[in-house]
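The values are calculated or read from the model by the stated rules, or taken from the named source; none is laboratory data. Quick caveat, the model's predicted, so the values are computed rather than measured. So basically every Cβ, Gly included, is an ideal-geometry build from the backbone, and we count neighbours across all protein chains shown.
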Amino acid sequence: MRTADSDVAVPPAHPTHRLAAGALAVGVVGAGTALAVGAFRTRDSAEPLPPTTRTLLTADLPLHLARRATYGLTPTLLADIVATGPSEWLEQQLDPGRVDDSVIDGLLAAYPLLTHDAAQLQRLLGDAADRRLAGEQLVEATLARQIWSKRQLFEVMVDFWSNHFNVTTPLGPTYATKPVEDATVIRRHALGRFEDLLLADAQSPAMLIHLGNADSRGDDPNENYGRELLELHTVGVDGGYTEDDVRDSALTLTGWSVGQDGKFAFDPAGHYVGRVQVLSWSAPNDRAEDGQAVGADYLRYLARHEQTALHLSRKLAVRFVSDEPPAALVKRLAATFLAHDTQVVPWLRELFSSPEFAAATGQKVRRPLEDIVASVRALGIGPPKASDTSGIAALVGRAGGLGQAPLGAAPPTGYPDVAAAWLSSSSVLGRWNVHRLLTAGGFTGLVYPGLRALTRTAEPRTNGELVDRIAELLTGQRFRAEHRAALLEFLVTTEDAEYDEAALLGQLPDLTALVFDSPYHLLR
Amino acid sequence: MSADALPFAEAPASSADALTAAVERIDAEQVAAREQWSHGFTRRKFLAGAGMVAAAALGSQLVTTRYAYAVPGTGSRRALVVVFLRGGFDGLAAVVPSGDPAYAAARPDIGVPDRLLLPLDRGFGLHPALSPLHRYWQAKQLAVVHAVGGPNISRSHFQAQDQVERGVDAGDARTGWLERALATAGPGTTFRATAEGISVPQSLAGAAGAISLRGVDSVALYRRSERVIAALERLYTGLDLLAAEQVPVALRLLAEATDLQAQAYTPGAVYPAGNFAAAMSDVARLITSGTGLRVATVDVGGWDLHTNAGAVDAGDMTDQLTDLGQTLAAFAEDLGPTLRDVTVVTMSEFGRRVAQNGSGGTDHGHGNAMLVLGGRVAGGRMFGRWPGLAESALVEGDLAGINDYRDVLYELAQGHLGVGPVDSVFPGLSHSPLGLMRVG
């Protein structure tokens with residue numbers, strides 16, 4: 001294997017980690033997805049890399065998939081993708097039931113409140129001083145799954161939909177209903193049909209409470225949900241609706257409420273009666289008891305609206321391709337979305353097999369939460385015992401400090417997914433500090449393999465090799481010459497100097513932190 | 001709706017060759033688009049906004065020049081503090097048209113009774129939770145502009161915030177209004193444009209030299225050493241990346257914040273608890289420490305009170321206003337005589353509907369109130385025209401926003417930054433002077 005800045009052939013850090021010779025211009029056809037392998041250099045090519053976003057990261061299909069379809073490399077992920085074959089690996093990820101996730105199953109024992117329904121949570125926590133506990137357990141479990149679940153693409157899509165249908169967590173009013181929503185709405189439908197997801201979300205007590213529809217009545221509507229349904233959840237702010245549409249959107253869903261048991265309840269007495277029209281949908285809506293059916297018809301209309309398809313497709317492309325995704329890709333994704341009954345899996349296949357995806361190496365910046373999760377994964381840090389999850393709680397706190405606690409976005413828009421929203425001096429310093437805490441073992445309870453184990457895996461003979469191997473292990477690639485030189489200079493050594501573990505071990509926390517600080521980790 | 005109804009630009013590539021060709025073409029297009037964007041715009045603004053330090057950072061060397069506390073030739077200590085009330089501030093809860101039967105009828109549960117209002121002029125009264133500000137009104141250092149809005153302001157949070165922070169009616173201007181105001185005001189110090197918070201708001205978009213921080217005392221790099229700093233500089237040298245632009249800014253901030261942390265500091269007033277107060281206290285510290293701060297932005301969330309806003313004596317609205325009033329008053333007291341050089345303005349993306357909704361809250365509306373507090377503010381006065389709350393005067397159930405928020409902001413920018421013509425800050429605005437700032 002060669003990299004851009006070195007002609008020195010070295011044993012691959014990831015043993016089987018190269019595509020078949022001649023992979024250039026050969027599509028890898030798997031169970032359903034033809035990935036654009038031809039777009040990537042083989043691992044033997046050694047052309048110089050100019051320092052732009054486009055090419056600072058190595059364009060390599062398994063690596064690109066790992067950076068985009070997962071929360072980041074682990075010490076074994078890249079080898080897994082290569083051994084399985086990128087297409088087959090992707091198919092497994094699209095069918096997460098096929099992927100063993102026993103590690104997470106064990107860890108969830110730490111979060112017993114997540115197995116309860118809303119009525120049970122109301123009984124357990126209704127009088128508790130801190131009712132946020134259920135929400136806090138959900139937030140920690142969410143982060144733990146992002147780090148340690150093997151069903152990585154599923155977790156990425158759970159995050160995508162949780163953010164799309166944002167219910168700020170933890171928050172008092174939804175303490176008993178949000179955990180239920182996570183399990184029975186978001187996770188159930190994350191890779192299913194959008195129409196089912198939308199209908200389930202519209203009947204989700206957490207959403208109905210959070211955006212005020214639960215007490216929106218025909219004679220006195222609260223239009224918050226009716227508006228965000230159009231603006232955020234379906235057709236988008238440029239979807240062509242008017243203020244009258246917003247009003248009728250809210251009126252159509254009056255009576256969609258929450259019962260004493262914390263479950264969805266339709267209350268005909270609260271339902272507006274009279275003709276309603278939103279965009280090109282309308283209904284006579286002349287009997288209160290029809291209100292649930294009328295609302296469901298309205299939601300199905302929205303789920304399949306062309307503007308919804310375009311709005312969601314653009315958002316998907318922003319997640320997986322670039323902050324300004326090509327319009328042609330968005331249109332194709334929208335067409336796929338509609339042609340496949342709003343199913344998510346064919347939509348993702350279209351995305352991952354697109355040339356636009358293949359062309360997008362390194363065009364995304366990791367958001368703060370993604371940065372933290374990717375750092376933990378890259379270091380090979382293992383989950384704590386269920387009896388002490390304080391380390392996970394501490395990581396949640398750090399993510400919050402960087403403005404991106406899991407599920408914690410305050411506005412109904414959720415967290416933005418473009419770099420410009422996340423790049424600032426305090427964000428830069430904050431990320432660097434988390435890297436330093438992580439590489440110094442600063443989170444109790446988490447199982448650190450130790451940085452020494454990292455270097456042993458890498459088996460360096462010289463300090464130059466040490467730097468290369470650590471860069472490869474943590475970021476999947478070597479650094480350009482000037483950046484490699486920066487790390488060697490930090491170690492006050494030269495590339496040819498014999499590696500002396502005893503002399504350098506004390507510097508490894510700072511060395512690995514610098515690798516995470518670098519643009520090779522910041523970009524994905 | 002079928003898939004066929006969508007306009008297809010191209011059919012999906014089917015063969016590997018076609019994929020490769022498509023990738024190359026898309027790649028070239030993306031690079032071209034980025035070039036146009038970064039060099040034609042961001043880059044130029046970056047240079048214009050941050051001066052030589054930024055220019056040096058773009059070259060082969062990354063420079064963390066020490067800041068100058070006063071910029072030769074300008075020497076102004078005037079500062080504008082923009083407090084953005086996120087979520088849609090209810091101007092009709094804060095500043096109430098007393099004795100208006102339409103108001104009382106529209107807000108039977110959440111309206112403020114006349115007898116509890118603190119008197120302003122022209123028949124308006126202040127919510128009692130804002131009582132700490134009343135003495136600044138009486139001292140003629142607090143003004144209110146009511147029925148503020150702008151053309152085509154959305155009722156969507158994010159769209160409306162984007163509109164008012166960019167300060168443009170329409171079009172695709174990507175810079176924020178504060179960035180444009182600063183650009184015409186010329187270069188300055190590291191702290192020249194300071195955002196309190198983890199991120200930089202849209203109003204400063206394009207100002208690559210703007211810093212963000214959550215209090216100067218929190219600026220730190222763990223296990224900092226000269227070798228680590230040198231490595232970080234080299235890892236980000238010579239990269240044409242948006243992500244790389246913040247690195248020299250962060251390193252400059254780190255160096256200078258360390259100096260400030262070494263200076264003993266005690267606030268000149270007692271602030272309430274909470275994030276907003278902490279941010280304002282820090283802004284006061286940066287101003288009085290002579291860092292050259294010219295613009296600060298502070299965000300306050302929690303205003304999107306669709307549900308249970310509460311009656312006047314207790315509840316979410318009262319809590320929010322109490323925090324706002326106590327904090328702004330503490331800030332003014334903290335600055336002491338320096339308040340002469342400083343103005344604070346509050347703004348939001350939109351106001352709330354006049355009538356309360358079915359949940360004891362208010363939905364998204366339009367016309368709003370802005371508070372303007374400072375030593376040179378022509379205070380003790382209500383500014384702007386008042387359309388009233390009569391049914392016929394409302395716009396889709398909302399207070400009409402007949403006074404343009406940009407007129408307010410432009411006068412404040414003029415008074416503090418000495419900016420150029422209106423068009424350089426608010427393109428297309430036909431400025432109607434309000435006279436918010438006293439001359440001198």
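Scanning segment B:279-302 for residues that are surrounded by fewer than 22 Cβ atoms within 10 Å (Cβ to Cβ), of a type outside the set (D, E, K, R) and within 12 Å of another protein chain (Cβ to nearest Cβ) yields B:301, B:302.
At least 1 residues being of a type in the set (A, V, I, L, M) and more than 12 Å from residue A:412 (Cβ to Cβ) is the threshold, and among the helices (runs of 4 or more DSSP H) wholly inside segment A:193-251 those reaching it are A:194-202, A:205-210.
Out of segment B:78-99, which residues are of a type in the set (Gly, Ala, Ser), away from every other protein chain (no Cβ under 14 Å) and under 21 Å from residue B:306 (Cα atoms)? Reasoning before the result, please.
Looking only at segment B:78-99, we keep the residues that are of a type in the set (Gly, Ala, Ser), and these are B:79, B:87-88, B:91, B:93-94, B:98-99.
If we keep only those that are away from every other protein chain (no Cβ under 14 Å) as well, we get B:79, B:91, B:93-94, B:98-99.
Selection gives B:91, B:93, B:94.
Residues in segment A:339-382 that are in a helix (DSSP H, G or I) and without any contact (Cβ under 8 Å) to a residue 12 or more places away in the chain: A:339, A:346. Note on segment A:466-481: residues that are out of contact with any Phe, Trp or Tyr (no Cβ under 7 Å at 6 or more places or on another chain) and under 18 Å from residue A:494 (Cβ atoms) amount to 7.
Just checking, which of A:330, A:318, A:273, A:294 is of a type outside the set (Asp, Glu) and assigned to a loop (DSSP other than H, G, I, E, B)?
On the way: A:330 fails: assigned to a loop (DSSP other than H, G, I, E, B); A:318 fails: assigned to a loop (DSSP other than H, G, I, E, B); A:294 fails: assigned to a loop (DSSP other than H, G, I, E, B).
Residue meeting the stated conditions: A:273.
Per the conditions (1) in contact (Cβ under 8 Å) with a residue 40 or more places away in the chain; (2) of a type outside the set (Ser, Thr, Tyr); (3) touching a strand residue (DSSP E or B) at 6+ places or on another chain (Cβ under 6 Å); (4) under 24 Å from residue B:303 (Cα atoms), the sole criterion not satisfied by residue A:233 is (3).
Output the residues belonging to segment A:114-132 that are aliphatic (A, V, I, L, M) and either more than 13 Å from residue A:179 (Cβ to Cβ) or touching a residue at least 24 places away in the same chain (Cβ under 8 Å) (or both).
Once the filter is applied, which keeps residues that are aliphatic (A, V, I, L, M) and either more than 13 Å from residue A:179 (Cβ to Cβ) or touching a residue at least 24 places away in the same chain (Cβ under 8 Å) (or both), segment A:114-132 yields A:114, A:118, A:119, A:121, A:125, A:128, A:129.
Here A:208, A:232 are screened, and the one residue that is within 26 Å of residue A:132 (Cβ to Cβ) and within 9 Å of another protein chain (Cβ to nearest Cβ) is A:232.
Among the residues making up segment A:238-263, a single one is touching a Pro at 6+ places or on another chain (Cβ under 8 Å) and surrounded by fewer than 19 Cβ atoms within 10 Å (Cβ to Cβ): A:263.
Looking at the structure I just gave you, is residue A:420 of a type outside the set (D, E, K, R), part of a helix (DSSP H, G or I) and in contact (Cβ under 8 Å) with a residue 60 or more places away in the chain? Spell out how you get there, then give the answer.
On the way: of a type outside the set (D, E, K, R): yes; part of a helix (DSSP H, G or I): yes; in contact (Cβ under 8 Å) with a residue 60 or more places away in the chain: yes.
So residue A:420 passes the test.
Once segment B:228-278 is narrowed to residues that are part of a helix (DSSP H, G or I) and in contact with a Gly (Cβ under 8 Å, 6 or more places away or on another chain), the residue that is nearest to the other protein chains (Cβ to nearest Cβ) is B:249. Scan segment B:91-98 and tell me whether some residue there is under 19 Å from residue B:413 (Cβ atoms), hydroxyl-bearing (Ser, Thr, Tyr) and outside any helix (DSSP H, G or I). No, segment B:91-98 contains no residue that is under 19 Å from residue B:413 (Cβ atoms), hydroxyl-bearing (Ser, Thr, Tyr) and outside any helix (DSSP H, G or I). Exactly one residue among A:323, A:290, A:341 is within 29 Å of residue A:267 (Cα to Cα) and surrounded by fewer than 19 Cβ atoms within 10 Å (Cβ to Cβ), and that residue is A:290.
Out of A:336, A:413, A:361, A:389, one residue alone is within 13 Å of chain B (Cβ to nearest Cβ) and over 19 Å from the mean Cα position of the chain (by Cα). It is A:336.
Taking segment A:235-249, which residues are farther than 15 Å from residue B:363 by Cβ, more than 8 Å from every other protein chain (Cβ to nearest Cβ) and in contact with a helix residue (DSSP H, G or I) (Cβ under 8 Å, 6 or more places away or on another chain)?
At the first step, the residues of segment A:235-249 found to be farther than 15 Å from residue B:363 by Cβ are A:235-242.
Filter once more, so that each one left must be more than 8 Å from every other protein chain (Cβ to nearest Cβ): A:235-236, A:238-242.
Hits for segment A:235-249 are A:235, A:236, A:238, A:239, A:240, A:241.
You will find that of B:350, B:331, the residue that is within 18 Å of the chain's Cα centre (by Cα), in a helix (DSSP H, G or I) and in contact (Cβ under 8 Å) with a residue 40 or more places away in the chain is B:331 and no other. State which residue pairs qualify: first residue in a helix (DSSP H, G or I) and inside segment B:288-307, second residue hydroxyl-bearing (Ser, Thr, Tyr) in any location, beta carbons under 9 Å apart, and separation of 6 or more residues or different chains. As it stands, the answer is B:288/B:265; B:288/B:338, since those pairs meet every condition given. Can you find even one residue in segment B:350-363 that is closer than 18 Å to residue B:82 by Cα, within 14 Å of chain A (Cβ to nearest Cβ) and in contact with a Ser or Thr (Cβ under 8 Å, 6 or more places away or on another chain)? Within segment B:350-363 (the criterion being closer than 18 Å to residue B:82 by Cα, within 14 Å of chain A (Cβ to nearest Cβ) and in contact with a Ser or Thr (Cβ under 8 Å, 6 or more places away or on another chain)), the answer is yes, since at least one residue qualifies. Residues in segment B:196-227 that are touching a residue at least 24 places away in the same chain (Cβ under 8 Å), charged (D, E, K, R) and facing chain A (nearest Cβ under 8 Å): B:214 only. Mind checking whether some residue in segment B:306-326 is touching a strand residue (DSSP E or B) at 6+ places or on another chain (Cβ under 9 Å), buried (at least 24 other Cβ atoms within 10 Å of the Cβ) and under 19 Å from residue B:270 (Cβ atoms)? Yes, some residue in segment B:306-326 is touching a strand residue (DSSP E or B) at 6+ places or on another chain (Cβ under 9 Å), buried (at least 24 other Cβ atoms within 10 Å of the Cβ) and under 19 Å from residue B:270 (Cβ atoms). Residue count for segment B:217-233 satisfying the condition of being crowded, with 18+ Cβ neighbours inside 10 Å and either farther than 17 Å from residue A:435 by Cβ or out of contact with any strand residue (DSSP E or B) (no Cβ under 9 Å at 6 or more places or on another chain) (or both): 5. Please find, within segment A:475-524, the residue that is nearest to residue B:241 (Cα to Cα) out of those that are modelled with pLDDT of 95 or more and among the polar types (S, T, N, Q). Filtering segment A:475-524 for residues that are modelled with pLDDT of 95 or more and among the polar types (S, T, N, Q), the one nearest to residue B:241 (Cα to Cα) comes out as A:518. Annotation for segment B:171-189: no member residue is farther than 30 Å from residue B:310 by Cβ, within 11 Å of another protein chain (Cβ to nearest Cβ) and crowded, with 24+ Cβ neighbours inside 10 Å.
Yes/no per residue for (1) within 14 Å of chain B (Cβ to nearest Cβ); (2) at pLDDT 90 or above:
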residue: A:25; (1), (2): yes, no
residue: A:39; (1), (2): yes, no
residue: A:52; (1), (2): yes, no
residue: A:87; (1), (2): yes, yes
residue: A:94; (1), (2): no, yes
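Residue by residue, here is whether (1) in contact (Cβ under 8 Å) with a residue 24 or more places away in the chain; (2) under 20 Å from residue B:344 (Cα atoms) holds:
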{"residue": "B:94", "(1), (2)": "yes, yes"}
{"residue": "B:105", "(1), (2)": "no, no"}
{"residue": "B:110", "(1), (2)": "yes, no"}
{"residue": "B:118", "(1), (2)": "no, no"}
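Those helices (runs of 4 or more DSSP H) of segment A:428-524 in which 1 or more residues are away from every other protein chain (no Cβ under 14 Å) occupy A:451-458, A:463-475, A:501-504. Just a yes or no: is a residue in segment A:301-309 more than 18 Å from residue A:167 (Cβ to Cβ), crowded, with 23+ Cβ neighbours inside 10 Å and at pLDDT below 95? No, because not a single residue in segment A:301-309 is more than 18 Å from residue A:167 (Cβ to Cβ), crowded, with 23+ Cβ neighbours inside 10 Å and at pLDDT below 95.
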